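The values are calculated or read from the model by the stated rules, or taken from the named source; none is laboratory data. These numbers were taken from a predicted model, which means no experiment stands behind them. Positions of Cβ are backbone-derived with ideal geometry, glycine not excepted, and every protein chain shown enters the neighbour counts. Only protein heavy atoms, including side chains, enter the accessible area calculation; ligands, DNA and RNA are left aside. Shrake-Rupley method; radii C 1.70, N 1.55, O 1.52, S 1.80 Å.
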There are 4 protein chains.
Amino acid sequence: MANEPLRMGVIGVGFMGAYHARIWSQLPNTELVAIADPDQAVGRKLADELGCSYLPDAAALLAQGDIDAVSIVTPDRHHVEPAVAAARAGKHILLEKPMAHTAEAAEQIAAAVEQAGVRLMVAHVLRFDPRYVQLREAAEPETMGEAIHLRAKRNTVRSLAQRVGANTSILFYLGVHDIDMMQWVARSEITRVFAQKVQKLSNGNEDALFALVNFANGAIGTLDYSWAWPDGLPAGYHAAFEVIGTKNAALLDVRDQGFQVITAEGPHAADTHLWPEIHGRITGDLRDELMHFAEAVRSGAPFVQDYREALSAIRVLDALAASIDQGVPVAVARP
Amino acid sequence: MANEPLRMGVIGVGFMGAYHARIWSQLPNTELVAIADPDQAVGRKLADELGCSYLPDAAALLAQGDIDAVSIVTPDRHHVEPAVAAARAGKHILLEKPMAHTAEAAEQIAAAVEQAGVRLMVAHVLRFDPRYVQLREAAEPETMGEAIHLRAKRNTVRSLAQRVGANTSILFYLGVHDIDMMQWVARSEITRVFAQKVQKLSNGNEDALFALVNFANGAIGTLDYSWAWPDGLPAGYHAAFEVIGTKNAALLDVRDQGFQVITAEGPHAADTHLWPEIHGRITGDLRDELMHFAEAVRSGAPFVQDYREALSAIRVLDALAASIDQGVPVAVARP
Amino acid sequence: MANEPLRMGVIGVGFMGAYHARIWSQLPNTELVAIADPDQAVGRKLADELGCSYLPDAAALLAQGDIDAVSIVTPDRHHVEPAVAAARAGKHILLEKPMAHTAEAAEQIAAAVEQAGVRLMVAHVLRFDPRYVQLREAAEPETMGEAIHLRAKRNTVRSLAQRVGANTSILFYLGVHDIDMMQWVARSEITRVFAQKVQKLSNGNEDALFALVNFANGAIGTLDYSWAWPDGLPAGYHAAFEVIGTKNAALLDVRDQGFQVITAEGPHAADTHLWPEIHGRITGDLRDELMHFAEAVRSGAPFVQDYREALSAIRVLDALAASIDQGVPVAVARP
Amino acid sequence: MANEPLRMGVIGVGFMGAYHARIWSQLPNTELVAIADPDQAVGRKLADELGCSYLPDAAALLAQGDIDAVSIVTPDRHHVEPAVAAARAGKHILLEKPMAHTAEAAEQIAAAVEQAGVRLMVAHVLRFDPRYVQLREAAEPETMGEAIHLRAKRNTVRSLAQRVGANTSILFYLGVHDIDMMQWVARSEITRVFAQKVQKLSNGNEDALFALVNFANGAIGTLDYSWAWPDGLPAGYHAAFEVIGTKNAALLDVRDQGFQVITAEGPHAADTHLWPEIHGRITGDLRDELMHFAEAVRSGAPFVQDYREALSAIRVLDALAASIDQGVPVAVARP
């Protein structure tokens, strides 16, 4: 297979799915064969633009023999059905995060993949961000020592919550990134959580969610999620990550990415890492993630992240939700 | 009294007490009369330098009729005795934070002050920091709306914990600043807290303490205290504060104060706000605080902070300690 | 004189003059006696607010026997007449920067002051900014070595140029600050300059002025002045200063002062150093400068800056203007 | 050619050449065939590691029929001979910046390439940096208006000058990046320059070089190059770029890339854009540049930068050197 391009399909071409489709059509070692989405106007337009087939129905796409693998980029609560169907159709799968909306649902996907013998990678894009990956490498026990405490922040503007809040949740949309990163950096799983949320705006969901977590190795962590910021927040978001070890520490603050346009009204920052589009091509972390998926499928090499790690993060999300419901600290259920 | 300098004594001339003494000797409207400290070598040397009397014993200082007011800068757990004695001696009091190590102890001080009719201000220096005060002003309900969530961070290097950790606590030394600030900014009291601490280094005390808090007005807050950072953290500390309201938001990050010296080994930042010493005089927030105390005592004007607000913060510290002991969320006890 | 407040007058109460007047009325060791300004409406209103006399004419103010010293805060090109008159009237003088609009004019002021035996300080406020002063201290030859190169930037928004551009110049308004600072930090005078300006906006004056300068000690420097930025520049200005020595280096960047308000439209930063007003009083560098003037006049101590240093900066301004006119490098004329 | 990998050779495998070789061996659409370098120990070791041939002599490499294109990464002053030879051998060329050490030398390369009909791209890596490219896009005349003034800074630590200073120059190594960027962003050529350099350290070359430049469209620019910083400068370098237009402005500051490791000694920053290596692969701007070269050669599409633009920058370098020699402003010679 090594010299043939990997033939890709994309199921779901909303905001992120369209990025997947564009990148598959741009990479030198992949070919975009078809996209599927129930919204025919959106789907046909994109297919025309990218020169691939459009199918309203995911099942029809999965039935095509000339597709090796699929991106699944459907809404957070609708991952199980297309992922199980793709596995049964023998397609390798790049599944957008979160792996699923509950640990039980994620287990169904894992079971289908294992039974079918296809490959599955959950698209945790921060695993391809040079800042986060270098932070993780800096946290090697021999240089960092043992993790003492960790902090993660992921805050965005309220117009995002107004747009997507009712269809997803602050944990699915923002939270799962840092839960995965925390466990990856600490080299230790989260065992117990306490969380609180607040809702004062009318954006169809909580405005913010704060949590304290305990790790198996004795470290503590704090999580700070919000999509309640006024829209004037430069770059539209503020993420940060810290780990303090018994020897060294590392920190990452992505509020200022170095580039700003100043108008009469104020400064406007732009993404320079996730998926900047320059010279007509999408670059950055997302392209790197998709290139990695294609290369690893073609070569048989392991993925950067085992999907069992993605599943572990979902168990923490379940515990955070339970803690909010019950008002007390809750242990993370692990098999 | 208005044209006479205010005659000051200082009880306790360790690190902070020496700053108080120096500033009283430099201000145009105050006069440093005497200092008291059990460490005779330290006390005599400073008294010689500043041209004031030295007394080993606080009681002797309080007995002097030519002293109008005193700074009390004794260790955190030893505020009650000198404060009560100063009140009984009819001296106005500037008492270093925290007001006391428990709410019960703080109540004893309050009772003594009220009985004696003297004035008491607790030295919450952030109330005089132009960054924090402007943030508080930006959080006026008419512009900010109602507070939704707040975040405070106060992190320092581990050499500080090694030096002072066993004699104080992370809450007394770092925490009380932000508890006071949070309640002042939110215009609402903290009603319930959950906290976790961690101790992996051997610095005589906890390395870090994280907490989630609930406010009477429904807002939530997160607190992030640590003195476990490696000593190479620029400027030696990292503080941050955020408030997100239903209308606007405000943030403050004091990691980078704009000024750095670069040597072959690395960057070195300096304090440009708290108590920078330039042209041989101490300036900044601390001098402003002491000027305010002197002016308000001379004029009879109210202090920027009523000591009842300082006492309110101590009640939150008590609840945080109880939550750590019990492992569950704890309500703040209020009379 | 030591225990009596210094009795002050202010000549010129525009934007900066009003700040002087307010601070003189707030300091514990000074008393604001009178203000003079040709704009009667503005002058009377301020005098009423501050409880002092108003005089339309500077000469009348200078004739008052109950005034010890004056702030002169008239437009840049009108410093000579009031400064000479004040000296002849026996008043000590705090003169806003630039000392004068030409070296020749500055010499007239110096001669008058020397003849009258009064004291003169030019109000170079950065000499009281903890960031700049600490940078200067970091540049001590024993730690920094000899200066190799220096950089200064002072950029503001175009609405400032639109408001004041025709009455002043980019060198008088912005440039003189850094010329003085460069010579003070380098411990060496500027000997030769080359400058270029550009004017594309219609703000009544040049939009920007860049220069290269040579120091007597062989170092080189670069100056970057602009008031052409769109008004959305956070905090409205961006200043920076660097010195690289044969041993260490130091840098200062004041674009981000740590505090921002975020609205739906964008971030808004505020001054936290120059003259922030908190709790109803003006604090920061400007207050410190005025306190220093009053203390030094009362005690007879030397000022932080000798006015001969301020005059030296004016000679550099003259050379910069000549270089622009002639299109070639120009030597700084020194007596 | 479209489905065959592009077969690459690399001439010169020092620091940057080794990066080229590694990336050619990692990209999905290229194959590293051979490397050539006079240093046999270095060359053989790298060839073994990457599984390609090693040849001590560039001529032998160019004689190989199974090589489509070459990277030329020889020292700055030795670009002409290998580039001309490669063109004559019919190889497409990716030539490291600067195109050549004089405009005359660059013209020789251009003539050879045109005569041979091969393709030439000069490796100006900032043309592939999402920050710089987005800044350039933000400077489109319809949104930015006409450029008024530009500023570029590129400063590094003195250990770099000690290592490479005698073999290159501050203009070849640092300067050419920003000269190209300035002309690309301003959409206007530099017509006249004035420069000054300083040398106080003993690093085999100038410590710093400052310049003022004039553009054909009336804008002015300032350049600030140094490799005299103490080695403790975080991340080892500080680059900045600004353009202020008649409408908007844009700025870029890459001192802080968001990620730092803190040790007991100080903070340590890392490259997150140029060529970070994560998961065993080189990513970032450099990989993107090489991917672009390979794709454009395979598809016949134009390069992002015409080599005539690279040549234009060399003419400015020549003028800067002449201005330093002559001590006066110098016009840029253009055919």
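Highest mean packing comes first when the peptides D:107-120, C:38-51 are listed by Cβ atoms within 10 Å, giving D:107-120, C:38-51.
Only Lys, Arg, Asp and Glu carry charge here, each on its Cβ (+1 for the first two, -1 for the last two); on that basis the protein assembly as shown has a dipole of about 0 debye about its Cα centre. Inverting the pair-averaged 1/r between distinct Cα atoms of the protein assembly as shown gives 33.9 Å as its Kirkwood hydrodynamic radius.
Backbone amide hydrogens, once placed in the peptide plane, bring A:H79 within less than 5 Å of A:H101, excluding anything fewer than 5 places away on its chain. On the basis of the beta-carbon distance and an R0 of 22 Å, C:A41 and C:R163 show a calculated FRET efficiency of 0.70. Shielding by partners for peptide B:223-235, expressed as the average number of C-beta atoms from other protein chains within 10 Å of each residue's C-beta, is 6.
Quickly rank A:136-144, A:211-219 as a protection proxy: mean count of other C-beta atoms within 10 Å, highest first.
Values: A:136-144: 17.3, A:211-219: 20.9.
Descending packing order for the listed peptides: A:211-219, A:136-144.
Residues with beta-carbon under 9 Å from that of C:H124, excluding C:H124: net charge, scoring Lys, Arg +1 and Asp, Glu -1? Charge balance in the 9 Å sphere: -1. Summary for C:T191: label point 7 Å along Cα→Cβ; distances to the equivalent points in the other copies, ascending, 3.4, 7.1, 7.4 nm.
Just to confirm my numbers, what's the Cα centroid distance between the stretch B:1-69 and the stretch D:113-174 in Å? Centre-to-centre (Cα) distance: 61 Å.
Please compute, for peptide B:326-333, the average count of beta-carbon atoms on other protein chains lying within 10 Å of each residue's beta-carbon.
For peptide B:326-333, the averaged partner shielding equals 2.
When the pairs C:K97/D:K200; B:K153/C:K153; C:K247/D:K197; A:K247/B:K45; B:K247/C:K45; A:K200/D:K247 are compared against a 27 Å limit on Cα-Cα distance, C:K97/D:K200; B:K153/C:K153; A:K247/B:K45; B:K247/C:K45; A:K200/D:K247 fall above it. Multiplying the residue separation of A:Q199 and A:E265 by 0.36 nm and removing their Cα-Cα distance gives an extension gain of 20.8 nm. Here chain C is treated with +1 on each Lys and Arg Cβ and -1 on each Asp and Glu Cβ, and its dipole about the Cα centre works out to around 320 debye. Which value in Å is the Kirkwood Rh of the stretch D:69-175 over different Cα pairs? Across the stretch D:69-175, the inverse of the average 1/r is 15.9 Å. Between copies, how far does the label point of D:Q64 sit from its twins, in nm, shortest first, when each point is 7 Å from Cα along Cα→Cβ? So the label point of D:Q64 gives 3.9, 8.8, 9.0 nm to the other copies.
Comparing B:F303, B:A85, B:A161 along the charge dipole axis of chain B, the residue lying farthest to the positive side is B:A161, per the Cβ-charge model.
Of all chain D C-beta atoms, the nearest to the rotation axis linking D with B is recorded, alongside its rounded Å distance, as D:G266, 1. Local charge for D:M182 was computed over the other residues whose Cβ lies under 10 Å away, with Lys and Arg +1 and Asp and Glu -1, and equals -2.
Kirkwood radius and radius of gyration were both taken over the C-alpha atoms of the stretch C:92-132, and their ratio Rg/Rh is 1.05.
For D:A331, inter-copy separations between label points set 7 Å beyond Cα along the Cβ vector come to 2.9, 8.5, 8.7 nm, shortest first.
Where Lys and Arg each count +1 and Asp and Glu each count -1, what net charge lies around A:K91 among other residues with Cβ under 13 Å from its Cβ?
+1
If you wrap chain D in the convex hull of its Cα atoms and look at it from every side, the mean projected area works out to 17.9 nm². Within the stretch B:1-106, the ratio Rg/Rh, alpha carbon atoms throughout and Rh by Kirkwood, equals 0.95. Taking a point 7 Å from the Cα of C:A63 along the Cα-to-Cβ direction, the residues of the stretch C:11-41 with backbone N closer than 18 Å to it are C:11-12, C:34-38. Show me the GluC sites (Glu not before Pro) within the stretch D:226-330 that DSSP assigns to loop and that have at most 16 other Cβ atoms within 10 Å of their Cβ. Those that pass, being in a loop and sparsely packed, are D:E265. Build a GNM of chain B with springs between Cα atoms under 10 Å apart, and of B:I179, B:I67, B:I262 the one that fluctuates most is B:I262. Kirkwood radius for the stretch D:142-270, taken over all pairs of different Cα atoms as the inverse mean of 1/r, rounds to 15.8 Å. For a distance above 19 Å, tell me the whole-number percent of Cα pairs in the stretch C:209-294 that qualify. In whole percent, the share of Cα-Cα pairs in the stretch C:209-294 beyond 19 Å is 61. Taking the accessible area of the protein assembly as shown, probe 1.4 Å, and keeping the other protein chains in place, the carbon and sulfur fraction comes to 50%.
Computed from the Kirkwood radius of its Cα pairs, the Stokes-Einstein diffusion coefficient for the stretch B:123-204 at 4 °C and 1.567 mPa s stands at 88 µm²/s.
Note on chain C: helix-only mean residue ellipticity at 222 nm, from DSSP H runs of 4+ residues weighted -39500 (n - 2.57) and normalised by residue number, equals -10500 deg cm²/dmol. Per residue, the accessible area of the protein assembly as shown comes to 32 Å² when a 1.4 Å probe rolls over the protein heavy atoms. Using the Cβ-Cβ distance between A:K247 and C:A322 with R0 set to 45 Å, the FRET efficiency works out to roughly 0.15.
In chain B, the longest principal axis of the Cα atoms and the axis of helix B:307-326 are about 50 degrees apart. What average number of partner chain Cβ atoms lie no more than 10 Å from the Cβ of the residues making up D:197-205? Mean partner-chain Cβ count within 10 Å for D:197-205: 3. Could you check what % of the DSSP bridge pairs in the protein assembly as shown are antiparallel, to the nearest 5? In the protein assembly as shown, DSSP labels about 60 percent of beta bridges as antiparallel. Pairing chain D with chain B buries about 1000 Å² of accessible area. This figure sums both sides and uses a 1.4 Å probe. Relative to the longest principal axis of the Cα atoms of chain D, the long axis of helix D:176-186 lies at roughly 60 degrees. Counting only alpha carbon atoms, the long axis of helix C:285-299 and the longest principal axis of chain C meet at about 60°.
Measuring only protein heavy atoms, the 1.4 Å probe finds C:T246 accessible over about 40 Å².
Remind me, what semi-axes does the stretch A:245-301 give for its equivalent ellipsoid, largest first in whole Å, using sqrt of 5 times each Cα gyration tensor eigenvalue?
Working: eigenvalues 180, 107, 6 Å².
Semi-axis lengths for the stretch A:245-301 are 30, 23, 5 Å.
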